[in-house]
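First up is the structure itself, then whatever we jot down about it.
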Amino acid sequence: MKKIFLLIAFHFSLFTGVAMAQTQFNELQYSQEKSVFTLNAPSKAKAVRVRVYDRADSQQPSQTLQLKRVGKDRWQGTVTGDLKGKFYTFDIGQGECPGTFAKAVGVNGKRAAVVNLSETDPEGWNQDVRPAIKTPSDLVVYEMHHRDFSIHPSSKSRYKGKFLALTEPHNLQYLKTLGINAVQILPSYDYATVDESKPELPQYNWGYDPLNYNVPEGSYSTDAATPEVRIREFKQMVQALHKAGIRVILDVVYNHTMNIANSNFQLTYPDYYYRRTPQPPIGGAKVRKSTDVNSNQSPLKGGRGSYSDASGCGNETASEKPLMRQFMLESVRYWVEEYHIDGFRFDLMGIHDQETMRLIRAEMDKIDPTITIYGEGWAAGAPAIPNEQCAMKAYTHQLPGIGAFADDMRDAIRGPFSDDHQPAFLNALKGNEESIKFGLVGGIAHPDVDMTKVNYSKEPWTAQPYQHVSYVSCHDDMSLVDRLRTSIPGIQDDELARLDMLAQTCVLTSQGVPFLWAGEEVMRDKKGVHNSYNSPDSINQINWSNLRKYPHVFSYYSGLIALRKAHPAFRMGDAEMVRHNLHFLPTEDCLIAYTLNGTAAGDSWKQIVVILNANRQAKQVVIPQGEWTAVVRDGVVNTQGLGIVSGGKALVAPQSALILHK
Ligand code: CA
């Protein structure tokens, strides 16, 4: 492996671990005296030009600069004078674009902007501190979309649907009361589908259609047309969350771009950044055609196959190629250094090669080993590199410090992604217990878990429990409430709430990293829509008046989160510790019971018993002798105690959890 970076061994700020590291994507080096433009473009390009515009919408450039070749596939040119406030594009003869690594753009990301980044720092930015954790299992992640969170009329937010909503004291207080300590924000880089020039229109998209990877999305700012504003407001958001003790995890989508034909990658270095399907046999197989109208792709000439589409979005990037790999490394480093980001959720991580993910982990370790990295350990189609090179879930154990979403546990609790009607543990369908046990231990090898009975994985896939992201719902797919309404027709509110709380008890007592979808704590629904990526606000928004309807559900979530945070036995953070100190008790169907050795985990509770009962009847479970104090019982959490249990057995109410300690 080629050594890419020069590591200079001093730190000049909390968030800048690698000072002056060599970069390949410094497309604009700005100073008041001059601007140096550099582009990775093929050596064989006939001409590489930079056009400078006075305004984002100027018809004609004020200057056109011809770049010179300064190395293999590298072009450079300098404009003297102060270009601050101007806009620019690169053009290698394929059409204009803002480059691959613009750090500021005008409205809709068509042209890059020249800004002085240091002028975008909010006051006190130098004192901004990353909230501390010991292990990723200490996190309670809250996945949210900016618009979902604050757009509903019941939201008291002044900045509805904006980054700044997460600077408003009442919103921060809400998150603190709930107790989460990390937000995972849905794509917040500049994406394509929302027209930023029409903020008055209620437009919605999740944002999995990347345009400019290193610039905040304009529609979440109060002024998309002024390039500095989105940058400053994003930083204000991070700063406010950090002050509230909440980490910020960015959802990054390097695995595909909005399309190929007009992507910044393709316009600067045609056919480099994307994978192709293998060469078709001579005289043979038909070239696969995409059905994605956005992809604008056509089979390549020369028999090299068509563009591969493991993302299901018309293309897939090639992380194994040096420039794409380097792009990803520099991009995550940039978000950490410039925006103080604390972690990354890699969309369709299974498309990326493992080596790139390892290098990203190593790069983050140089800055702060507690920066979290996890992702979706799968792809939407077969990637065009061998599966065993991909960062698929099954290989998580050989990717130290990188986690993956656990569909085994998720589907055992609530049913599979592919069928919203199919029952599971919550529907009192037996046979799901072992998959949930596997999730409770965090996906490690554990003597009490019979892998032959686990739904998807036949071998443990983590080496450490914090590599296991434990969840029952996320932005994809139905909300938990919709899923329950679909799989239990006619379900009433009381049962809905009971099962919702039981489901999240599995998540919040798991030794993995608990992950909640925003709004589940107030019984959010999406009116039954499964894939709401571009559904209107009426589907995606969180109705906060539900807080008055389901105050006991919110209290249960916040109580359970507080309990987890106060008791390290629920987040031991080490596989050996979990193997020795978490043991399952024998139970009948649709029941799971286990003990935790609190003393060994440094917990103030010596012993803990957790029982999860999905049956529609109360059930008795044999537990170790002694006098136990109930702290979670029948939908209520109270660490001061909810009664004493003794005599070697415990009665668990229907569709609920019981947690005891002594
Ligand atoms: Ca955009």
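The values are calculated or read from the model by the stated rules, or taken from the named source; none is laboratory data. No experiment lies behind these values; they were computed from the predicted model shown. Neighbour counts run over all protein chains shown; Cβ positions are idealised from the backbone, glycine included. Accessible surface is based on the protein model in full, side chains and every heavy atom, while ligands, DNA and RNA are left aside. Shrake-Rupley method; radii C 1.70, N 1.55, O 1.52, S 1.80 Å.
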Filtering region 439-466 down to residues that are small (Gly, Ala, Ser) and either more than 17 Å from Asp574 (Cβ to Cβ) or not in a loop (DSSP other than H, G, I, E, B) (or both) yields Gly439, Ser457
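For the subset of region 78-110 comprising residues that are basic (Lys, Arg) and within 16 Å of the ligand (Cβ to nearest atom), which member is most open to solvent (accessible area, probe 1.4 Å)?
This residue is Lys110.
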So in region 111-132, with the set limited to residues that are assigned to a loop (DSSP other than H, G, I, E, B) and more than 26 Å from the chain's Cα centre (by Cα), which one is nearest to the ligand (Cβ to nearest atom)? Arg111
Checking Ser219 against (1) surrounded by fewer than 24 Cβ atoms within 10 Å (Cβ to Cβ); (2) of a type outside the set (Lys, Arg); (3) within 14 Å of the ligand (Cβ to nearest atom), only one condition comes out false. Which one? (1)
Within region 180-187, is there a residue that is within 12 Å of the ligand (Cβ to nearest atom), of a type in the set (A, V, I, L, M), more than 20 Å from Asp121 (Cβ to Cβ) and crowded, with 22+ Cβ neighbours inside 10 Å? no
Just wondering, is there one or more residues in region 163-170 that are surrounded by fewer than 24 Cβ atoms within 10 Å (Cβ to Cβ) and either more than 21 Å from Arg548 (Cβ to Cβ) or within 16 Å of the ligand (Cβ to nearest atom) (or both)? yes
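So is Asn262 in contact with a Gly (Cβ under 9 Å, 6 or more places away or on another chain) and away from the ligand (no atom under 14 Å from the Cβ) or not? Step through it out loud before you land on a result.
Values: in contact with a Gly (Cβ under 9 Å, 6 or more places away or on another chain): yes; away from the ligand (no atom under 14 Å from the Cβ): no.
So Asn262 fails the test.
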Scanning region 192-206 for residues that are open to solvent by less than 30 Å² (accessible area, probe 1.4 Å) and over 20 Å from Cys97 (Cα atoms), the one nearest to the ligand (Cβ to nearest atom) turns out to be Asn205
Which one of the conditions (1) more than 13 Å from the ligand (Cβ to nearest atom); (2) within 21 Å of Ser545 (Cα to Cα); (3) buried (at least 21 other Cβ atoms within 10 Å of the Cβ) does His146 fail to meet, given that it meets all the rest? (1)
Quick check on region 405-417. Is at least one of its residues open to solvent by less than 20 Å² (accessible area, probe 1.4 Å), farther than 21 Å from Asp574 by Cβ and over 23 Å from the mean Cα position of the chain (by Cα)? no
State which residue pairs qualify: first residue without any contact (Cβ under 8 Å) to a residue 40 or more places away in the chain and inside region 181-195, second residue not β-branched (Val, Ile, Thr) in any location, beta carbons under 7 Å apart, and separation of 6 or more residues or different chains. Val194/Gln203; Val194/Asn205; Val194/Ser219
Mind listing just one residue for me: the one in region 386-401 that is in a loop (DSSP other than H, G, I, E, B) and in contact with a helix residue (DSSP H, G or I) (Cβ under 9 Å, 6 or more places away or on another chain) and, of those, surrounded by the most Cβ atoms within 10 Å (Cβ to Cβ)? Ala391
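Is at least one residue of region 599-620 among the aliphatic types (A, V, I, L, M) and over 30 Å from Gln467 (Cα atoms)? Please lay out each step first, then the result.
Looking only at region 599-620, we keep the residues that are among the aliphatic types (A, V, I, L, M), and these are 600-601, 608-612, 614, 618.
Then keep just the ones that are over 30 Å from Gln467 (Cα atoms); that gives 618.
Yes - at least one qualifying residue is present in region 599-620.
Being within 14 Å of the ligand (Cβ to nearest atom), aliphatic (A, V, I, L, M) and surrounded by fewer than 23 Cβ atoms within 10 Å (Cβ to Cβ) is true for just one of Val253, Val229. Which residue is that?
Numbers: Val253 fails: surrounded by fewer than 23 Cβ atoms within 10 Å (Cβ to Cβ).
The unique qualifying residue is Val229.
Yes or no: Ile611 β-branched (Val, Ile, Thr), closer than 20 Å to Val636 by Cα and assigned to a strand (DSSP E or B)? It would help to see each step written out before you state the result.
Values: β-branched (Val, Ile, Thr): yes; closer than 20 Å to Val636 by Cα: yes; assigned to a strand (DSSP E or B): yes.
So Ile611 fits the description; yes.
Just one of Leu440, Leu480 is among the hydrophobic types (A, V, I, L, M, F, W, C) and closer than 22 Å to Ala593 by Cα; which is it?
Working: Leu480 fails: closer than 22 Å to Ala593 by Cα.
Step by step, each of Leu440, Leu480 is checked, and only Leu440 is among the hydrophobic types (A, V, I, L, M, F, W, C) and closer than 22 Å to Ala593 by Cα.
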Flagged pairs (Cβ under 9 angstrom, 6 or more apart or on separate chains; first in region 209-222, closer than 17 Å to Gly99 by Cβ; second near the ligand (Cβ under 8 Å from one of its atoms) and among the aromatic types (Phe, Trp, Tyr)) are Pro210/Tyr191; Leu211/Tyr191; Asn212/Tyr191
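Need a quick list: helices (runs of 4 or more DSSP H) entirely within region 467-564 having at least 3 residues that are surrounded by 21 or more Cβ atoms within 10 Å (Cβ to Cβ) and among the hydrophobic types (A, V, I, L, M, F, W, C).
Values: elements: 480-487, 493-508, 537-540, 546-549.
The helices (runs of 4 or more DSSP H) meeting that bar are 480-487, 493-508.
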Checked pairs for region 462-482, first over 15 Å from Tyr374 (Cβ atoms), second part of a helix (DSSP H, G or I) and of a type in the set (A, V, I, L, M, F, W, C), C-beta under 7 Å and 6 or more apart or across chains, list as Val472/Ile413; Val472/Leu480; Val472/Ala503; Val472/Val507; Ser473/Leu480; Leu480/Ala503; Val481/Leu496
